[in-house]
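The values are calculated or read from the model by the stated rules, or taken from the named source; none is laboratory data. Values in this document were obtained by computation on a predicted structure and should not be read as measured data. Cβ placement follows ideal geometry from the backbone for every residue including glycine, while neighbour counts extend to all protein chains displayed.
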Amino acid sequence: MRLLAEWGGGKAILANVKLDICQQFGIDFPLFAFSHCRDVVAAVTNAGGFGVLGATAYSPEQLDRELSWIDDHVNGKPYGADIIVPAKFEGKGEGLSKGDLASRIPDDTKAFVAELLSGHGIEPDPTPRIGSPMLSGNTGRELLDVAMSHPIKLIANALGVPPDYMIEAGRAAGVPVAALVGAKEHALKQAAAGVDLIVAQGTEAGGHCGEVSTLVLVPEVLDALEAAGSDIPVLAAGGIVTGRQMAAAVAMGAAGAWTGSVWLTTEEAETAPHTVQKMLAASSRDTVRSAGRTGKPSRQLVSDWTNAWAPNDGGRRPLPLPLQSMLVEPVLRRVDALAEQGHEGAQALATYFVGQGVGMMNKVKPAREVVLEFIEDYLAAAESLGRTIPD
């Protein structure tokens, strides 16, 4: 089937395969795209999918500007926001300031980072810059208030059950609340807490993920929810970078797909240039679950950085969330800048969140083209599956 050059014709074809979730969210195709880049979010939404902005890295003021930009560029089409409020993190409930948290970063870990940089020909900063505790949950309520002041159609949370205030705010505004899970037990807890949508994310996923594969996790979650009497829709996530993978997930009972990695190599993405080149050249075996970036296991490109934080293989044990990211994010941003300038040591260290589907991400494309290829691939897979059923 040729690429759907005219999206209008694609809509007519999709009318025969449209799922309930499309009607629920007012979209043409059940492809949800998580991205930290507003341009990707807008492009996917405008192409008939559902863009979700990763909002945790922003201050409330920055988030308001980003969402206002999206509002101006999607013409009322639906999009969402993802605000990570982890269930567990260092200093939870203690009311600690950034300075209080920074004081808990051990000097020997700072020294380890300095030695790692020196070993790669990078002069360490005399006074290491400490980043903001982005994944501490301390700004979650403020970010949620900002998000709810915009016409979002979904609010998502990861790393545990959403806080009560998020679920209550969603109900009050009529905005569904989604939660990411990596095990069936987590899905049951989310259902009991009252979430409206579950993303079953397998270990193939980029970013924070568990240890169960997508092919096993999705039906396991669906069966567990059904046994519990829950009809919460489930999106499949984890390594999904093509429409045929999405079709396979829908064949298992998923309502659609939640994707992230595939957008990192689009024209609109803000991924560091050298990292994009590493992704395009990578195979599916060139990723690893490592806590060396945030303090919690997350899948990233294998590099000298991830190797250095592999305690089971002689590396350093990472600090707990959010101390690890406070220490290393400023360093990794500096590494990205040096890598782009051709610094070989920095290029060996450079890494970023990405799933095992990176092996099929071999070309930089516009996000709209990725959506259309998903649709074409999905329809071809559905037709192929249909031919296996006897008349």
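Only residues that are of a type in the set (G, A, S) and in a loop (DSSP other than H, G, I, E, B): list them for the stretch 211-229, please. The answer is S213, A228, G229. Can you work out which of the residues in the stretch 44-64 that are in contact with a Phe, Trp or Tyr (Cβ under 9 Å, 6 or more places away or on another chain) and not in a loop (DSSP other than H, G, I, E, B) is modelled with the lowest pLDDT? The selected residue is G54. Being within 21 Å of I130 (Cβ to Cβ) and of a type in the set (A, V, I, L, M, F, W, C) is the requirement here; does A346 meet it? Here the answer is yes, as A346 does meet what is asked. Can you name the residue in the stretch 1-23 that is at pLDDT 85 or above and either in contact with a strand residue (DSSP E or B) (Cβ under 9 Å, 6 or more places away or on another chain) or charged (D, E, K, R) (or both) and, of all such residues, is surrounded by the fewest Cβ atoms within 10 Å (Cβ to Cβ)? Ranking the qualifying residues of the stretch 1-23, first place goes to D20. Checked against the criteria, V40 does not count as closer than 15 Å to K153 by Cβ and either modelled with pLDDT of 95 or more or assigned to a helix (DSSP H, G or I) (or both).
Being touching an Asp or Glu at 6+ places or on another chain (Cβ under 6 Å) and part of a helix (DSSP H, G or I) is the filter here; which residues of the stretch 346-385 pass it? Of everything in the stretch 346-385, those that are touching an Asp or Glu at 6+ places or on another chain (Cβ under 6 Å) and part of a helix (DSSP H, G or I) turn out to be A348, L349, Q356, A367. P128 meets all of the listed conditions (1) surrounded by 14 or more Cβ atoms within 10 Å (Cβ to Cβ); (2) modelled with pLDDT of 90 or more; (3) not assigned by TED's automatic domain parsing to the domain that holds C209 but one, namely (2). Within the stretch 295-345, the set of residues being under 19 Å from L264 (Cβ atoms), aliphatic (A, V, I, L, M) and not in a loop (DSSP other than H, G, I, E, B) comprises L301, L332, V335, A337, A339. I'm checking my understanding of the structure. Among residues of the stretch 36-68 that are of a type in the set (D, E) and in contact with a helix residue (DSSP H, G or I) (Cβ under 7 Å, 6 or more places away or on another chain), which one is surrounded by the fewest Cβ atoms within 10 Å (Cβ to Cβ)? So the residue we want is D64. If you filter the stretch 98-112 down to residues that are touching a Gly at 6+ places or on another chain (Cβ under 8 Å) and touching a residue at least 60 places away in the same chain (Cβ under 8 Å), you find that the one that is surrounded by the most Cβ atoms within 10 Å (Cβ to Cβ) is L101. When T203, T214 are screened for being more than 13 Å from the chain's Cα centre (by Cα), closer than 30 Å to S283 by Cα and crowded, with 19+ Cβ neighbours inside 10 Å, only T214 passes. The residues on offer are A178, A191, A205, A169, and the sole one that is modelled with pLDDT of 95 or more, assigned to a helix (DSSP H, G or I) and on the phi < 0 side of the Ramachandran plot is A191.
Assess whether G253 counts as being touching a Leu at 6+ places or on another chain (Cβ under 6 Å) and not assigned by TED's automatic domain parsing to the domain that holds L116. Criteria met by G253.
Evaluate the stretch 154-167: report whether one residue or more is surrounded by fewer than 17 Cβ atoms within 10 Å (Cβ to Cβ) and farther than 19 Å from G253 by Cα. The answer is yes; a qualifying residue exists.
Each row is one residue, and each column tells you yes or no for (1) out of contact with any helix residue (DSSP H, G or I) (no Cβ under 7 Å at 6 or more places or on another chain); (2) within 25 Å of S213 (Cα to Cα); (3) assigned by TED's automatic domain parsing to the domain that holds T127.
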{"residue": "A282", "(1), (2), (3)": "no, yes, yes"}
{"residue": "S303", "(1), (2), (3)": "no, yes, yes"}
{"residue": "P311", "(1), (2), (3)": "yes, yes, yes"}
{"residue": "P318", "(1), (2), (3)": "no, yes, yes"}
{"residue": "V331", "(1), (2), (3)": "no, no, yes"}
{"residue": "A337", "(1), (2), (3)": "yes, no, yes"}
{"residue": "H343", "(1), (2), (3)": "yes, no, yes"}
{"residue": "V371", "(1), (2), (3)": "no, yes, no"}
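In this structure, T294 does not satisfy being surrounded by 22 or more Cβ atoms within 10 Å (Cβ to Cβ) and either within 30 Å of F29 (Cα to Cα) or at pLDDT 95 or above (or both).
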